[in-house]
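For reference, the structure is listed below as structure tokens.
The values are calculated or read from the model by the stated rules, or taken from the named source; none is laboratory data. Values in this document were obtained by computation on a predicted structure and should not be read as measured data. Cβ placement follows ideal geometry from the backbone for every residue including glycine, while neighbour counts extend to all protein chains displayed.
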Amino acid sequence: MSHPGQELYYEDRHYHEGCFRCFRCGRSLAEEPFTCQGEELLCNDCYCREFSSQCVACQQVVMPGSRKLEYSGQTWHEHCFLCSSCQQPIGSRSFVPDQKDYYCVPCYESKFAPRCTHCKKSLTKGGVTYRDEPWHKECFVCTGCRSPLAGQQFTSQEEQPFCLTCFGSLYAKKCSACSKPITGFSGGKYVSFEERHWHHHCFSCSRCATSLVGKGFIPGNEEILCRDCASDL
């Protein structure tokens with residue numbers, strides 16, 4: 001635009017200097033920045049009020065070119081988009097919406113995330129549930145050997161979790177033949193007689209090694225004998 005004498009022109013349109021004004025507020029645009037909206041010339045203030053976004057926090061116009069944040073059809077000045085808990089600007093950091101509130105991730109975790117039963121710290125993803133309580137995977141360990149139990153078979157004793165090895169060593173019955181624990185896991189079966197117990201595959205005649213599962217047998221001191229071997233004594 002140039003203004004030789006008292007004549008002003010803009011994009012092949014000519015104006016008297018006194019007529020070159022904002023179509024909304026009437027302000028002279030001869031020495032002012034302006035915007036053309038269709039056939040109308042608008043000063044920056046009128047253009048921003050009518051066509052620019054309004055910050056939902058401070059209700060002021062978000063000026064073109066200023067730093068802003070847009071979310072779910074709403075606009076904020078970057079410095080007006082605050083965490084609902086700590087009241088600090090969230091800026092370009094991640095945030096979590098909760099109804100009409102917005103939280104930075106640390107505040108959301110502190111306020112809403114479940115806490116690990118063991119370490120009491122926030123549990124934001126993954127984890128395991130034991131006895132309807134949340135645990136970090138790294139916190140859910142065997143009470144005996146402290147090895148991780150997440151994704152592993154385990155059992156409990158007096159509400160304490162144990163891996164199968166520790167449970168077998170500490171609490172399971174011992175086979176009278178091989179002295180190894182009888183856990184009953186993975187479909188394991190066993191035979192009991194009086195105070196003694198045997199794995200199915202260990203319950204055999206002490207003399208001829210014939211399996212005695214489902215058969216009659218004769219108990220001896222430390223031995224169990226099939227009827228044939230017992231009759232030979």
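Only one of these conditions is not met by GLU78: (1) in contact with a Gly (Cβ under 7 Å, 6 or more places away or on another chain); (2) under 30 Å from VAL141 (Cβ atoms). Which number is it?
(2)
Somewhere in segment 183-196, is a residue touching a strand residue (DSSP E or B) at 6+ places or on another chain (Cβ under 6 Å) and over 30 Å from SER84 (Cα atoms)? Step through it out loud before you land on a result.
First pass over segment 183-196, keeping only residues touching a strand residue (DSSP E or B) at 6+ places or on another chain (Cβ under 6 Å): 190-191.
From what is left, the residues that are over 30 Å from SER84 (Cα atoms) are 190-191.
Within segment 183-196, one or more residues are touching a strand residue (DSSP E or B) at 6+ places or on another chain (Cβ under 6 Å) and over 30 Å from SER84 (Cα atoms).
If a residue counts only when it is under 30 Å from CYS226 (Cα atoms) and aliphatic (A, V, I, L, M), which strands (runs of 3 or more DSSP E) contained entirely in segment 129-212 have at least 1 such residues? Outline the logic, then answer.
Working: elements: 133-135, 154-157, 160-163, 190-193, 196-199.
Hits in segment 129-212: 190-193.
I'd like to check which strands (runs of 3 or more DSSP E) are fully inside segment 1-119 and have at least 3 residues that are at pLDDT 75 or above. I'd like the intermediate steps shown before the answer.
Working: elements: 7-10, 13-16, 34-37, 40-43, 68-71, 74-77, 95-98, 101-104.
In segment 1-119, the matching strands (runs of 3 or more DSSP E) lie at 40-43, 68-71, 74-77, 95-98, 101-104.
Does PHE162 satisfy the criteria of being at pLDDT 90 or above and either among the aromatic types (Phe, Trp, Tyr) or within 30 Å of THR35 (Cα to Cα) (or both)? Don't jump to the end; show me each part of the working.
Values: at pLDDT 90 or above: yes; either among the aromatic types (Phe, Trp, Tyr) or within 30 Å of THR35 (Cα to Cα) (or both): yes.
Yes.
Return yes or no: is ASP101 out of contact with any helix residue (DSSP H, G or I) (no Cβ under 9 Å at 6 or more places or on another chain), acidic (Asp, Glu) and within 30 Å of CYS48 (Cα to Cα)? It would help to see each step written out before you state the result.
Values: out of contact with any helix residue (DSSP H, G or I) (no Cβ under 9 Å at 6 or more places or on another chain): yes; acidic (Asp, Glu): yes; within 30 Å of CYS48 (Cα to Cα): yes.
Yes.
Out of contact with any helix residue (DSSP H, G or I) (no Cβ under 6 Å at 6 or more places or on another chain), of a type in the set (A, V, I, L, M, F, W, C) and either within 30 Å of PRO106 (Cα to Cα) or modelled with pLDDT under 85 (or both): is that true of CYS226 in this structure?
On the way: out of contact with any helix residue (DSSP H, G or I) (no Cβ under 6 Å at 6 or more places or on another chain): yes; of a type in the set (A, V, I, L, M, F, W, C): yes; either within 30 Å of PRO106 (Cα to Cα) or modelled with pLDDT under 85 (or both): no.
Taking the combined requirement at face value, the residue does not satisfy it.
For segment 14-43, give me each residue that is polar (S, T, N, Q) and surrounded by fewer than 16 Cβ atoms within 10 Å (Cβ to Cβ).
Just the residues of segment 14-43 that are polar (S, T, N, Q), to begin with: 28, 35, 37.
Scanning segment 14-43 gives SER28, GLN37.
Of all residues in segment 78-98, which are free of Cβ contacts under 8 Å to residues at least 24 places away in the same chain, out of contact with any helix residue (DSSP H, G or I) (no Cβ under 6 Å at 6 or more places or on another chain) and surrounded by 15 or more Cβ atoms within 10 Å (Cβ to Cβ)?
Result: GLU78, HIS79, SER84, ILE90, PHE95.
Specify which of the listed residues (GLY127, GLY151, GLY214, GLY168) is touching a Cys at 6+ places or on another chain (Cβ under 8 Å) and among the small types (Gly, Ala, Ser). First the steps, then the outcome.
Numbers: GLY151 fails: touching a Cys at 6+ places or on another chain (Cβ under 8 Å); GLY214 fails: touching a Cys at 6+ places or on another chain (Cβ under 8 Å); GLY168 fails: touching a Cys at 6+ places or on another chain (Cβ under 8 Å).
Going through GLY127, GLY151, GLY214, GLY168 in turn, just one is touching a Cys at 6+ places or on another chain (Cβ under 8 Å) and among the small types (Gly, Ala, Ser): GLY127.
Taking GLY127 as the residue in question, decide whether it is more than 22 Å from ARG93 (Cβ to Cβ), at pLDDT 90 or above and touching a Phe, Trp or Tyr at 6+ places or on another chain (Cβ under 9 Å). Full working, then the answer.
Numbers: more than 22 Å from ARG93 (Cβ to Cβ): yes; at pLDDT 90 or above: no; touching a Phe, Trp or Tyr at 6+ places or on another chain (Cβ under 9 Å): yes.
Here the answer is no, as GLY127 does not meet what is asked.
From the list CYS166, CYS145, pick out the single residue that is buried (at least 19 other Cβ atoms within 10 Å of the Cβ) and either assigned by TED's automatic domain parsing to the domain that holds GLU223 or under 32 Å from the mean Cα position of the chain (by Cα) (or both). I'd like the intermediate steps shown before the answer.
Details: CYS145 fails: buried (at least 19 other Cβ atoms within 10 Å of the Cβ).
Selected residue: CYS166, the only one of CYS166, CYS145 that is buried (at least 19 other Cβ atoms within 10 Å of the Cβ) and either assigned by TED's automatic domain parsing to the domain that holds GLU223 or under 32 Å from the mean Cα position of the chain (by Cα) (or both).
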